[in-house]
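Worksheet: the structure to be examined is printed underneath.
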Number of protein chains: 2
Amino acid sequence: MNYLGNKLRELRASKGLLLRQVAAYIEVDTALVSKLERGERKAKRGHVEALAKIFKVNEKELITLWLADQVFDLVKDEEVANDVLKVAESELKYVKSSAKE
Amino acid sequence: MNYLGNKLRELRASKGLLLRQVAAYIEVDTALVSKLERGERKAKRGHVEALAKIFKVNEKELITLWLADQVFDLVKDEEVANDVLKVAESELKYVKSSAKE
DNA sequence: ATTGACTTGTCAAATTTTGACTAAAGTAGA
DNA sequence: TCTACTTTAGTCAAAATTTGACAAGTCAAT
């Protein structure tokens with residue numbers, strides 16, 4: 001339920017960096033980075049992008065996790081959660097079949 | 001991209017109701033109902049519930065569309081949109097396999 | 001006890017959402 | 001056309017949510 005945060009913490013560990021170093025790099029408070037990693041706060045897109053840079057990973061990969069966590073939050077307590085994803089998928093297919101708009 | 005709104009308009013038409021009548025029932029301004037139907041404003045859960053009642057349809061059905069539209073909005077402009085849904089699905093599976101939390 | 005890494009709590013500021021209100025635009029009948 | 005009525009568009013203040021710094025706290029190692 002916090003795929004992005006887990007990933008960020010993994011990455012940071014693998015580089016042997018401290019919260020404070022990551023925080024300095026993305027120009028936020030150390031406490032905020034801690035919260036992002038633990039999913040207590042939602043990152044902004046800009047944060048995710050900066051983090052992808054510092055960790056030298058594909059930005060899309062992190063953005064995907066970032067969005068997935070948000071989608072998850074939206075439906076996690078719903079019994080219709082799976083149906084929701086199905087319908088959303090069909091909406092996506094619909095627009096991508098380039099029915100304009 | 002506005003499955004709920006379209007559905008609401010269909011339902012209203014099928015019952016031969018005016019915006020003003022629906023609005024009175026759910027106790028909001030007529031203009032708001034118009035906007036909900038056209039997806040210009042996001043309904044609140046309570047609105048969706050009330051609308052399910054007035055139209056005598058399964059509440060879950062409308063809630064599903066309501067949530068799906070929100071998920072769609074979140075990912076519609078993302079190239080990773082489909083991946084996002086996949087990951088979200090896996091997050092869902094993970095929690096439902098009752099790994100606690 | 002001190003130091004350093006991380007976490008937690010708080011809060012004001014900033015941003016976003018909300019929905020009524022008003023006015024405009026569209027529609028149909030006389 | 002005139003008129004009555006439905007629907008849509010624009011505006012805006014109030015309400016709700018988000019944001020992130022700051023300060024204080026915990027914890028581990030020394």
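The values are calculated or read from the model by the stated rules, or taken from the named source; none is laboratory data. If you're wondering where the values come from, they're calculated on a predicted model, not measured in any experiment. Here Cβ is always computed from backbone atoms with ideal geometry, including for glycine, and neighbour counts include all displayed protein chains.
Figures for the structure shown
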read-out	value
Condition broken by A:Asn58, with the remaining ones in (1) of a type outside the set (D, E, K, R); (2) exposed (fewer than 13 other Cβ atoms within 10 Å of the Cβ); (3) within 11 Å of DNA strand C (Cβ to nearest atom) satisfied	(3)
Count of segment A:15-37 residues which are on the phi > 0 side of the Ramachandran plot and either in contact (Cβ under 8 Å) with a residue 24 or more places away in the chain or more than 12 Å from DNA strand D (Cβ to nearest atom) (or both)	1
Restricting segment A:44-53 to residues that are within 14 Å of chain B (Cβ to nearest Cβ) and within 12 Å of DNA strand D (Cβ to nearest atom), the residue that is surrounded by the most Cβ atoms within 10 Å (Cβ to Cβ)	A:Val48
Subset of segment B:77-91 (residues that are modelled with pLDDT of 95 or more and at the interface with chain A (Cβ under 7 Å from one of its Cβ atoms))	B:Glu78, B:Val80, B:Ala81, B:Asn82, B:Asp83, B:Val84, B:Leu85, B:Val87, B:Ala88, B:Glu89
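Conditions tested, residue by residue: (1) more than 14 Å from every other protein chain (Cβ to nearest Cβ); (2) surrounded by fewer than 16 Cβ atoms within 10 Å (Cβ to Cβ); (3) in contact with a Ser or Thr (Cβ under 7 Å, 6 or more places away or on another chain); (4) polar (S, T, N, Q).
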| residue | (1), (2), (3), (4) |
| --- | --- |
| A:Lys7 | no, no, no, no |
| A:Lys15 | yes, yes, no, no |
| A:Leu18 | yes, yes, no, no |
| A:Val22 | yes, no, no, no |
| A:Val28 | yes, no, no, no |
| A:Val33 | yes, no, no, no |
| A:Arg38 | no, yes, no, no |
| A:Lys42 | no, yes, no, no |
